[in-house]
Amino acid sequence: MDLAMDLSQKVGLALALVFLLLLYASRLEVKARGSPPLRPLRALESLRRALNRAIESGKPVHVSIGTGSIGERDTAESMAGLAVLGYVEEQGSYYRTPVLSTFATPSTLVAAYDARRKATEAGGTPPPGRIYFLAPQKIAYAAGASEVIKDEEAQVNVMIGSFGYEYLLLGEMTEHRGIEHIGGTTDPRVLPFVYASSENYLLGEEIFAANAYLSSNPGALASLLAQDRMRTLLAVLIVVGMILKSLGVIGG
Amino acid sequence: MKKVIPTLVAFITGIIVLADFLIYNPLLDQVSNSLLNWALLVAAFAFIVGLLNVLIVHFTRIIKRERGWPYSIVLVLAMWLVIIFGVLDPRGPQGPIVSWVFRYVQYPLQATLFAMLAFFALSAGYRAFRRQTVDATIMLVAASLVFLGQAMLISEWGKWFAAIKDWILSVPTVAGMRGILLGVSLGVIATGLRLLLGMDKPYAD
Amino acid sequence: MGTSGLNPDVIGGWVAFALTLLVFSYLIRDNPLYRLAVHLLVGVAAGYAFVVAYNTIIMRRLVGPLLEDPSQNAALLIPLLLGLLLLSKLLPRLGWFGNISMAFLFGVGAALAIGGGLLGTLWPQLKASTLSVNPARVGFLTSINNFIIVIGTVGSLLYFYFTGTKARSGIAGLGARFLKGWATLGRWMIMVALGAFFATGMIAFISLLIARLRFMLEVLGW
Amino acid sequence: MIYCPICGTANRDGSKFCNECGARLVPQEGVHEKGHTKCPMCGALNPESNEVCSQCGARLKPLVSIPPEELPLEGPAPFIKEAGEVKPEEEDFLARLRETVGEEGPPEAEEVFSPATPEEARQVPVFPEEIIKEIPEEEIPDILASLRAKVREEEALFAEEEEEAPPEEMPRVEIPSWVTGEERPPEEKAEAAPEEAPEEEKPEVKAPPEKPPEVEVFRWPEEEEKPAFAEEEIFKELPAWEEIKPEAEMPPEEELPEWLKEAEEVKPPEEAPPPAEWLKEVELPWLEEEKGVEAPVMAEIPPWLEALRPLEEVPPAAPPRRPIEEAEKEEEGILAGLKGVLKAQGAVAIPERPAFSEVAEVPIKKDLLQSFLKLAYTRSSPPSIKVPSRRRGRRRYWLLYLVLFLAALVPLVVKWPPMPVGSPPSPPEVRDFFEVVEGLPSHSPVLVAFDYEPYMAGEMEAVARPVLTHLKNRGCKVAVISLVPTGPALAQGIWDEIAGSYSYGEDFVNLGYVPGREAGLRALASGLGEAVKYEYVEGKPLDSFPLMQGINKASDWRLVVILAGEPSTILWWIEQVGSLPGVRLAAAVSAGLKPYVMPYYQSGQLEGVIAGVPEAAHYEDLLGSPSYVTSFAPAQALAVLIALLVILAGNLFGGGG
């Protein structure tokens, strides 16, 4: 069997294996020692608070997991959004608070039905509120979602997942309508608008932490720990690489 | 059983596709490509779920006369018109009616909504920079310099601003963006690995 | 415009013009006409997406090949089966069969994400970030720029630390302080990047706006 | 800068409430802030443990707690009254609320959710050590002891309430273990359950996972630098909970030695109160009893009430808000305190109970108090929800919009002269792009990828036109392909316009849409035939076109030009195709992608870059035939400048919203 690999693939494999080991080690560590201290993420605190208000007011919470899909490269972002959706759905099920969610791609729509089923199992009753499928075209989705938010008089708009510029449309329209919003995505192009349109923002990879912060699921916590160790490793690699390159030890 | 099969399916397909990234092997390549192709096909089936969702949701809205229900009528009618003409025409989206709708309805609407982002960016920026924090100030200064570098097409100052802009775009911006991208890739990989290993099972009820 | 009467393109132009106006009317205030336009868009877009999925994916890539040459394309029965299983989600009892299809999608997606993350982002960015800062090798200015890039990249990476440890006293504490300072620097770099992205994004939006305005002027024959 | 005690955010000096979490920043008199109590009389900051002000001797801590049921009934705070009156529109809302209260106890829910709680929990470990350190016996104990003695003599009547008295103090010092949210003392659970509908407790029990239990805090500097390393140092000294506990229990012991001793002895019996007994007492009789007590208590505690009042003296900064809302805001502040009260009861009660023979009754009362209080507060909150303070009047920015709109429109309408050719030098990446195309031998096959969604067409068309024009002028043979279903049509339209007359299949061919994005590109990388079987316009096989003769793999193109509107597509091309040997890539992208592609340009993976309309104008300039884009440019430049000015002006001179 032909198993040729080039340098980047070898490095990729090595990094993947290291990551896997770190993930496993962190899992054990979290099991043994519990949660590590976590940097507070304001947006997630705000999410809790906003949910609270929605529960009190009985108005719906709108959750958008972005315009990504499942089965393509933005799956991870969609999963981060789905984790938040799952959390909100669960709360909605406990406290009978309507949870609206809107979807741009049909594969995420199916996942959303699953999330609702899970929430129903956990909380006993399905959360009130609808699941909307809009349209896969990003801007159509964003405009449509903001109409749903308006019609259903949502109290909070949570947008966490894979977004392009359409984030700005959705975010600003909810802002204009006086609805609180909390958002985050990974695309650096969109981040300034995430930052600008709401004070409750998650920058870049912070959206992947939502699962751990909200659910304190040990697997998710372990993954945060592993990510941080990997981060240290990368930082060291970059600095060492810089030194070696400057000294002419490695190519360049 | 109900949990094991899906977990296995996710693991096996995932490993094959991932292996194809990491190893050059014609057979693997072929298998992986067909998996990707299948994923596209399977996801297309989900459109039926989406279609049903749209119908059910909007019919309920119309029947219950919920707020904004007349718009639901517009939405459902528009959707059905496109679907009927698109499915009946063997050329599908290239058929005359669907492509007319695309060119003169969908495209201008989308393009105009995108054009509105100019205004929304303005109002968002107007608010954000007023936070008067160190962060917002740095952002404002960087944004202003890039603006000037791009906008000064006419004046002689242009080249100075252009030089500053180029430096910002190619040095600190690259640094900040790389940090973000590297971090994001860590999050993405961790999420993916968790899923492959079955630590996360978003597919299991 | 011309006298071409019922030319669909001319009508189309005016329809597009009207719809553009409807959308822009939002800027004055949120109004029913704008909402009409948006719902029209969502309906049309959903229908169009369905047509594309049906025509170019299901028919051309699945049903077509299966009907044409069943023996050659027998493998396509698997996605067909998976697709049908996905639809079983609509039935409450058999819903779990659909999980297999979802697991398949998640598996493929996770692998694409990992592979893309490793080979598309992590490794190339890592490689690109290890820059020489030796002035003798790359020149004085470049070495400074490279140094800023390296320090900034690491700093902005460090900024995202989620977990921490209890600070220790002495040298370890000093290390933490140093890292914290570095991360702050990184945050500033991120903010510069955000500022730059803000500006470039805004420039793009303005171009789109101008293009729309030009289109409207064109229809008006300006 | 004022740092928020709850979330640590830096707020502007003079701020009354935290910008982030809305917590009160200006300490209410008599209320603790960061381990200190501000004297209501002279304003001096006292260590939290002080019972009287070290400056003026004023009492800092009430001798008797406010009987909480007094709040709703007597109504010293106006908001509660109002809350009661709000009925008209809120009726259904209230009904729903009641329902919920009955069913699942939203107060509990609130407690579980309240972000304040985790914060509190986290900060408890942080601050106490300071407090504990400062507590040292120096000033307090003797005064305290004497005061206490006095109090007890005078107020034997109210001694009962006294146990709940020091609400703010208690949570910090005495009960760390379950303020953390680790566990409730068993008795509490036992009491709570029967009183609220038991099944509905479930959610509550399930909910906790949302809070990672023993989460501690570390921070990066958020918006601004924080007071350097306060927390760290704290951690240094007192890392663990367990260590705090013993110390925390010390002060009370010193102050009230007899109590505690007794308490410890009697604890066990109380923990298992026979439920049957107290269930009888729980309900109404008790409430009535409390009502009776009210009046005298009121008379006795003015200082306390005074301390509570600040609720009403709402910062003048927020006049438009309805009083209810203010009250609600305040309530948050108070609520923290109140929660403290409530939680403290259990712990405080333990030592005190022995003083009264009825062991079981006390905790029950407290629990009822708790629920009653919460009920009252939840009732008072709905009105404020109707008009959340965040709703900043649905701002409209129509004036800003108008300015920008005109800035873009006017130059187009008046047909402002095109920009003078050649004024500023073109950026190097644009010149490189130009040189690359210029250097192509005539009749070179070039692949152009139209990878932008139609909504980006307005901008991308302006970028694509000069490039295609240049390719055509150079006599290149252009094939277009797209990863976006709508791309081929856009490409066809532009080419038809630019080229005028051309021979399809010889000068230009439209390869159509490659589905599957990355997968499609990978197929394309391994061989053109894998990805594209038929051409777009006529649907014929590729071989039948002269242009396609001899082109089998990606490197057979002399140049691949990517027209991208999204970062992902350009990255796919660079990764999948650009990495193949012999492939030359150049990118013409949306302005927003410029920072994305610059690194690839610098690393040589892209041989040239054009980003957005301004650079496309440069390109046209280099071409020497300013036309399409250049007519765009003045409006573009003006609009960008105006946008910048608006933002700057808003930032520098703008006042409130």
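The values are calculated or read from the model by the stated rules, or taken from the named source; none is laboratory data. Worth saying up front: this structure is predicted, and the values here are computed from it rather than measured. Methodologically, a virtual Cβ is constructed for each residue, glycine included, from the backbone with ideal geometry; neighbour enumeration extends over all protein chains shown. Areas reflect the complete protein model, heavy atoms only, side chains present, ligands, DNA and RNA absent. Shrake-Rupley method; radii C 1.70, N 1.55, O 1.52, S 1.80 Å.
Odds and ends about this structure:
- Counted residues, the stretch B:74-100 - those being at the interface with chain C (Cβ under 7 Å from one of its Cβ atoms), of a type in the set (Val, Ile, Thr) and surrounded by fewer than 24 Cβ atoms within 10 Å (Cβ to Cβ): 4
- Residue match in the stretch C:62-79 (condition: under 30 Å from the mean Cα position of the chain (by Cα), charged (D, E, K, R) and either more than 12 Å from chain A (Cβ to nearest Cβ) or in a helix (DSSP H, G or I) (or both)): no
- Of all residues in the stretch C:169-181, those satisfying the criterion of being modelled with pLDDT under 75 and more than 7 Å from every other protein chain (Cβ to nearest Cβ) are C:Gly170, C:Ile171, C:Ala172.
- Filter pass, B:Lys165 being surrounded by fewer than 20 Cβ atoms within 10 Å (Cβ to Cβ), in a helix (DSSP H, G or I) and more than 8 Å from chain C (Cβ to nearest Cβ): no
- Qualifying residue in the stretch C:191-206 (condition: open to solvent by 10 Å² or more (accessible area, probe 1.4 Å) and free of Cβ contacts under 8 Å to residues at least 24 places away in the same chain): yes
- Single match in A:Arg96, A:Arg27, A:Arg48 (criterion: basic (Lys, Arg), away from chain C (no Cβ under 11 Å) and within 29 Å of A:Asp187 (Cβ to Cβ)): A:Arg48
- Candidate set: the stretch A:178-191, residues that are within 7 Å of another protein chain (Cβ to nearest Cβ) and outside any loop (DSSP other than H, G, I, E, B); chosen: the one least open to solvent (accessible area, probe 1.4 Å): A:Leu191
- Filter result (within 13 Å of chain B (Cβ to nearest Cβ) and either among the β-branched types (Val, Ile, Thr) or buried (at least 24 other Cβ atoms within 10 Å of the Cβ) (or both)) within the stretch A:113-131: A:Ala115, A:Ala119, A:Thr120, A:Ile131
Let's see how each residue does on (1) at pLDDT below 85; (2) in contact with a helix residue (DSSP H, G or I) (Cβ under 6 Å, 6 or more places away or on another chain); (3) within 30 Å of B:Ala39 (Cα to Cα):
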residue: C:Ala74; (1), (2), (3): no, no, yes
residue: C:Gly95; (1), (2), (3): yes, yes, yes
residue: C:Ser101; (1), (2), (3): no, yes, yes
residue: C:Phe106; (1), (2), (3): no, yes, yes
residue: C:Val150; (1), (2), (3): no, yes, no
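- Verdict on A:Val194 being surrounded by fewer than 24 Cβ atoms within 10 Å (Cβ to Cβ) and either within 7 Å of another protein chain (Cβ to nearest Cβ) or more than 23 Å from B:Leu197 (Cα to Cα) (or both): no
- Leading residue by the ranking (nearest to B:Phe59 (Cα to Cα)) among those in the stretch C:7-61 that are open to solvent by 50 Å² or more (accessible area, probe 1.4 Å), in a helix (DSSP H, G or I) and at the interface with another protein chain (Cβ under 7 Å from one of its Cβ atoms): C:Leu36
- The one condition from (1) in contact with a strand residue (DSSP E or B) (Cβ under 9 Å, 6 or more places away or on another chain); (2) touching a residue at least 24 places away in the same chain (Cβ under 8 Å) that B:Ile180 does not meet is (2).
- Within the stretch D:439-461, restricting attention to residues that are within 8 Å of chain C (Cβ to nearest Cβ) and within 15 Å of D:Trp495 (Cβ to Cβ), the residue that is farthest from the chain's Cα centre (by Cα) is D:Glu461.
- Where C:Gly221 falls short, out of the listed (1) in a loop (DSSP other than H, G, I, E, B); (2) in contact with a helix residue (DSSP H, G or I) (Cβ under 7 Å, 6 or more places away or on another chain): (2)
- Screening B:Met199 with (1) under 30 Å from D:Tyr455 (Cα atoms); (2) more than 7 Å from chain C (Cβ to nearest Cβ); (3) in contact with a Gly (Cβ under 6 Å, 6 or more places away or on another chain) gives one miss only, at (1).
- Residue check for A:Gly252: in contact with a Ser or Thr (Cβ under 9 Å, 6 or more places away or on another chain), at pLDDT below 95 and away from chain C (no Cβ under 12 Å): no
- C:Leu122 surrounded by fewer than 22 Cβ atoms within 10 Å (Cβ to Cβ) and of a type in the set (A, V, I, L, M): no
- Subset of the stretch D:485-513 that is within 14 Å of chain B (Cβ to nearest Cβ), without any contact (Cβ under 8 Å) to a residue 40 or more places away in the chain and touching a strand residue (DSSP E or B) at 6+ places or on another chain (Cβ under 6 Å) - its residue that is most open to solvent (accessible area, probe 1.4 Å): D:Tyr513
- Close pairs from the stretch A:220-245: first farther than 18 Å from C:Leu179 by Cα, partner among the basic types (Lys, Arg) and surrounded by 21 or more Cβ atoms within 10 Å (Cβ to Cβ), Cβ under 6 Å, at least 6 apart: A:Ser223/B:Arg194
- When the criteria are applied in full, D:Pro634 fails the requirement of being more than 30 Å from D:Trp572 (Cα to Cα) and not in a helix (DSSP H, G or I).
- Some residue of the stretch B:150-160 being in a helix (DSSP H, G or I), closer than 23 Å to D:Tyr401 by Cα and more than 7 Å from chain C (Cβ to nearest Cβ): yes
- Residue in the stretch B:139-151 that is within 26 Å of the chain's Cα centre (by Cα), closer than 30 Å to A:Val30 by Cα and open to solvent by less than 10 Å² (accessible area, probe 1.4 Å) present: no
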